[in-house]
Amino acid sequence: MTRVFNFSAGPAVLPETVLRQAADEMLDWHGSGMSVMEMSHRGKEFIAIHAEAEALLRELLAVPANYKVLFMQGGAIGENAIVPMNLLRGKAGADYIHTGEWSKKSIAEAKRYCKVNVAASAEASGFTSVPPRESWKLDAEAAYVHICANETIGGVEYHFTPDTGAVPLVADMSSNILSRPVDVARYGLIYGGAQKNIGPAGLTIVIVRDDLIGHAHPLTPSAFDYQQQAANDSMLNTPPTYAIYIAGLVFRWIKGRGGLAAMAEHNRAKAALLYDYLDRSAFFRNPVAKADRSLMNVPFKLKDEMLDDAFLKGAQARGMVQLKGHRSVGGMRASLYNAMPVEGVQALVAYMKEFESQHG
Ligand SMILES: *Cc1c(COP(=O)(O)O)cnc(C)c1O
């Protein structure tokens, strides 16, 4: 068996020890005689798996007691609609910060439900930066302020938590959740799909302050009503049981590695290896403002895009896959989620040096 270094933006690399444990437990979970996939979500075995996953997530993020942790479905794109349906609370509009492709999608979806005020945009920089907080034109009457904490395609990440006063801050953290400690109390709501930095696709994490729920628009589907899901321990409908189980194993893996502070250290070191090389290289470049560079997704371009295919082919031959950039921006992208070992980044940088010396 040969495992590759998988730089996919998502679904993405998972810790090998987690996959091995899941394989060991595949046919018979803890003497139950069943795979987790075969269990009733109402049975005591799965209830224990679910409760442990939630407890570990709360512990890792130090989620305050007045926040609900929901395990939902529909992905972050689903949440782009579910958030306004639940959080408008009779208000006419919400503020959005436009920093790239994913916030653009959030804005377009929210416009179907409310008046969207784009309070700041990074368009002038070609979406290579986060607009400084001082430049935001927030509306005091907004139901919430929405940000994309990490633009997975553009490689732009917030390295600060914006102060939005009494207006709740909502963050799409799909691609940087659990990559570092977060002060949850500064947010009204955090959401993210699991398939970037947590586990299999199909699970969506929502962390929401409890005073914000219970005011959903009457036409909100029950399965997407935070209040109803919270009242039913995220089991109003059948939850994505296997994805929750794997997420729980990943949470335990993170805890075993020292929690989110240790993850942040590990992620900073990995990203620094790649950015330091990019900044020294005359052949490769990353366009993002240094202060706003993502530690999770690193887009880069070759000096001559005619060499893109040769670069990808050589990477593949060396066991490094999924480095092709998103079709909207071209070039390359290396995603360095928690489960990417430092050896993967070392191998990538070594290959880039080799490629540069041959083609530069
Ligand atoms: C991947 C991603 C999404 C889309 O998630 P889905 O699970 O496909 O709905 C949204 N926002 C961000 C920041 C992402 O990285």
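The values are calculated or read from the model by the stated rules, or taken from the named source; none is laboratory data. In this text, all values refer to a predicted model and were calculated from it rather than measured experimentally. Because the Cβ atoms are built from the backbone with ideal geometry, glycine has one as well, and the counts that use them run over all protein chains shown. Just the protein is used for accessible areas: all its heavy atoms, side chains included, with ligands, DNA and RNA removed. Shrake-Rupley method; radii C 1.70, N 1.55, O 1.52, S 1.80 Å.
Here is how the numbers come out for the structure above:
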item	result
Selection from Gln229, Gly90, Val130 lying farthest towards where the dipole of segment 17-256 points positive, charges on Cβ	Gly90
Shape call, segment 56-214: gyration tensor on alpha carbons, a/c limit 1.5	rounded
1.4 Å probe accessible area per residue over segment 69-224, in Å²	36
Cβ-Cβ FRET estimate between Ala166 and Thr17, R0 fixed at 45 Å, reported to 0.05	0.55
Sites Leu307 and Arg42, calculated FRET efficiency, Cβ-Cβ separation with R0 51 Å, nearest 0.05	0.35
Max mean-square fluctuation residue, GNM over the chain, Cα-Cα springs under 10 Å, options Leu61, Leu70, Leu219	Leu219
Selection from Gln195, Leu70, Leu178, by position along the positive dipole direction of segment 54-195 (Cβ)	Leu70
The chain, accessible surface, carbon-and-sulfur percent (1.4 angstrom probe)	53
Exposed-site-free run, longest, the chain (rule: trypsin sites (Lys or Arg not before Pro); DSSP loop; at most 15 other C-beta within 10 Å)	138-256
Projected label distance in nm at Met1 and Asn66, using a 7 Å step from Cα toward the beta-carbon	4.7
Glu343 paired with Glu52, simple spin-label distance in nm, labels 7 Å along Cα-to-beta-carbon	2.7
Theoretical gain in end-to-end length, Ser328 to Asn237 [0.36 nm per residue, Cα-Cα removed]	29.2 nm
Of all DSSP beta bridges in the chain, antiparallel share, percent nearest 5	55
Over the chain: helical MRE at 222 nm, DSSP H runs n ≥ 4 each giving -39500 (n - 2.57), nearest 500	-11000 deg cm²/dmol
Under 26 Å from Lys353, Cα to Cα: lysines that are on another chain or at least 8 residues apart	Lys270, Lys290, Lys301, Lys303, Lys313, Lys324
Calculated FRET efficiency for the pair His359/Asp211, C-beta based, R₀ 45 Å, to 0.05	0.20
Convex hull of the chain built on C-alpha atoms - directionally averaged projected area, nm²	18.1
